[in-house]
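The values are calculated or read from the model by the stated rules, or taken from the named source; none is laboratory data. None of these values were measured; they are calculated from a predicted model. Positions of Cβ are generated from backbone atoms using ideal geometry, with glycine treated the same way; all protein chains shown enter the neighbour counts. The protein model used for the area step is the full one, side chains on, heavy atoms only, and it has no ligands, DNA or RNA in it. Shrake-Rupley method; radii C 1.70, N 1.55, O 1.52, S 1.80 Å.
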Amino acid sequence: LAASEARRFRHNAAVTERDQDPGAASGRSIDAPNRRVTMRDVADSAGVSLSTVSRVLNKSSSIISVSEETKARIERSADQLGFRPNPFARALRGAPTMLLGVIVRDFSDPFFAGAIEALAVEAHARGYGIVLGHVQDSNDDGEAARAVLAPRHCDAIIVLGEMGDRPRLREALSVADVPVVAAWQGGSPIYFPTVDVDDNTGVAIGMQHLADLGHRRIGMVSARLPGDNPTREQCYLDFMQEHIGGMTDGYLQRCENTLAGGELALEAMLALATVPTAVVCSTDVAAVGVLHGAFSRNVKVPDDLSVVGYDDLMLAAFTNPALTTLRMPTTEIVTKAVESAIALAKDPTLPRGPSRTPYQPSLTVRASTAACSD
């Protein structure tokens, strides 16, 4: 009797489970932890065949038409169940995986952290996910390309940051079966369709702002970046030569792209016989270090020293005083890179050779610059 009651209990529980979970009819529970929702689950929920779900969700062409009402029901069920296509299965069928591989030069740089976030937003808005690969300081930087190519079957790859000094990576990407788009290549040679910022214009705008305020003794804190991009530094030298009559010895200080690096660079300038009245920095990170160094040494900004940064990171508006800086058009650059990568993935006839699309930065004036009082 006890065994009979137990069997009856299990039977009733199973019936209840099937009523509540369409996937349970085939022995699957949609609510089971860590279980991926499948097309079969969507088919059961929408009350249609598996093949119909496959045609609708994969947008496959077929001589068998599917009504708009049925399409809407399938898409609604997929959304309610949280269905996500399996990129590996799609790749095996030759269908788009809806994944973009992203190779990042330096995760530790706050600028690229913001760029990755913006890229993820833009990709998601177009129905794509991203897979990240990081270029390590190692002998085999081609591993970053393999990390997003071999196992993930990405539809395209976007490279963030200069890769001119990474020949193995460039070689791996050049023979990839998927299109490659680059962003922020700076002074490195262009190997793929590239979206970039016009650094020459950016530095010139910052320098002209200081010159318009009456500054002539202008120094530069040039932060070392991966790839050793000389563009911003060279623009500073050109501006000083053309508009000021040359640069004073010691006014160009190179440093690591860290807060401490910026502070040490300012310390070296303050030790000169004639100190600058203004400093332009190649990154906001270095500029914040300069602000900290000035405060620590009782140098008033902007009364004694005007400071200009580059990038307009989120923290730039919250320094004391708030940092005048060149706003990097990050969203515009990322949007163009994502759109280009997707377009190339969808249309293999589009040119994939070297090209450059530049975007201009703009000056954001805050409280760290003022008219020269010396």
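Before moving on, here are some points about what is shown:
- Of the solvent-accessible surface of the stretch 235-374, computed with a 1.4 Å probe and all protein chains present, 54% belongs to carbon and sulfur.
- Based on C-alpha pairs under 8 angstrom that are at least 6 apart in sequence, the stretch 273-337 has a relative contact order of 31 percent.
- A 1.4 Å probe run over the stretch 232-374, with the rest of the protein chains in place, finds 47 Å² accessible per residue.
- Based on alpha-carbon atoms, the Kirkwood radius and the radius of gyration of the stretch 231-374 give Rg/Rh equal to 1.09.
- The stretch 246-311: Cα Rg divided by the 2.2 N^0.38 Å rule of thumb: 0.98
- Nearest-10 value in Å² for the accessible area of Val121, using the 1.4 Å probe: 90
- The stretch 151-261 - Rg and Dmax from Cα coordinates, angstrom: 17.8, 58
- In loop segments of the stretch 254-338 as defined by DSSP, the trypsin sites (Lys or Arg not before Pro) with at most 16 further C-beta atoms inside 10 Å of their C-beta are Arg297, Lys300.
- Extension gain (nm, one decimal) between Gln80 and Thr364, 0.36 nm per residue minus Cα-Cα: 97.8 nm
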